[in-house]
1. First check a/c for segment 1-119, with a ≥ b ≥ c the square roots of the eigenvalues of its C-alpha gyration tensor; if it is under 1.5, answer rounded, and if not, answer prolate when a/b is larger than b/c or oblate otherwise.
2. What relative contact order, as a whole-number percentage, does segment 61-117 give when Cα pairs under 8 Å and 6 or more residues apart are counted?
3. Can you give the FRET efficiency to the nearest 0.05 for T159 and F61, using r as the Cβ-Cβ distance and R₀ = 51 Å?
4. What's the extension gain from I33 to L150 if we count 0.36 nm per residue and subtract their Cα-Cα distance?
5. At a Förster distance of 51 Å, what's the computed FRET efficiency of I190 paired with K248, Cβ-Cβ distance as r, to 0.05?
6. Taking K22 as the anchor, which lysines have their alpha carbon closer than 21 Å to its alpha carbon, excluding any fewer than eight residues away along the same chain?
Amino acid sequence: MKIQYRIYRILEPAEQGDLLSKLFDIFIVTLIILNIIGVMLETVESLAVRFGHWFWKFEIFSVMVFTIEYILRLWSCTANERFARPLVGRLKFAATPMQVIDLLAILPFYIPMIIPFDLRFLRVVRLFRIFRIFKLGRYSESLRILGRVLKTKKEELVTTFFAVSILLVIASSLMYYVEHAVQPAAFPNIPAAMWWGIVTLTTVGYGDVYPVTIAGKVLGAIIAVLGIGLFALPAGILASGFVEEIQKRKQPRICPYCGHSLDDT
């Protein structure tokens, strides 16, 4: 269907020369940004009291737009060959990361209407509206590059996280046994000592919990130095991933049939 395909192209990030799709992208991106600003401003009590009804009206308008967008995406996705099968294709499309994010962006509005629960949990659910910021990933090339870097380097990042976790457990355990006798309130148990381990390994060092014994200070110094090295690893991994991604983008696209550059056409 021509209409279905046209709607699919409008909803997807705009191609060069497609003015209507470009205007839709600008509208959605602006609406997402205004939603994030609204979520933050609602936490200012004076603004919430004075403009609460306007916040609510804007929320209803935004949810209606995002809901229509979600339904249209689900309906028109069969225009893409990957999701061509009417039922299976739409289910497969609904399970894609961006569609899951789109669903999470509107669910906090509808869940209280379907499932009753206490108001404390309602506040937590409404906080999930912040997921709308991830909708920008569909329109932002920078966020898409970040996503590809994280996907490419996920094994190295998981390995680094595992190593940091092991060091955290070891450091917290050693500090507990060294400092517990002289500071039972500051280091009452190993899980509580992990707070000190986290702020030390991340080099934040709040100073609310710190060693007082000589052995504890030596151990703390060693762990602080190790923390600098370990937390530099993810930065280096991500930096190398960004360099690789940028180099890929700079490489000329070559036609596999004739060998000519596609960038010249």
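Just so you know, all these numbers are worked out from the coordinates, no wet-lab data involved. Because the structure is a prediction, the values reported are computed rather than measured. Counting neighbours? That spans all protein chains shown, and the Cβs are built from the backbone with ideal geometry, glycine included.
1. Oblate, since a/c reaches 1.5 and b/c is not below a/b.
2. Dividing the mean separation by the residue count of segment 61-117 yields 33 percent.
3. 0.65
4. Details: separation 117, 0.36 × 117 = 42.12 nm, distance 2.37 nm.
Full-extension gain reported as 39.7 nm.
5. Efficiency computed from Cβ-Cβ geometry: 0.70.
6. K22 reaches K2, K135.
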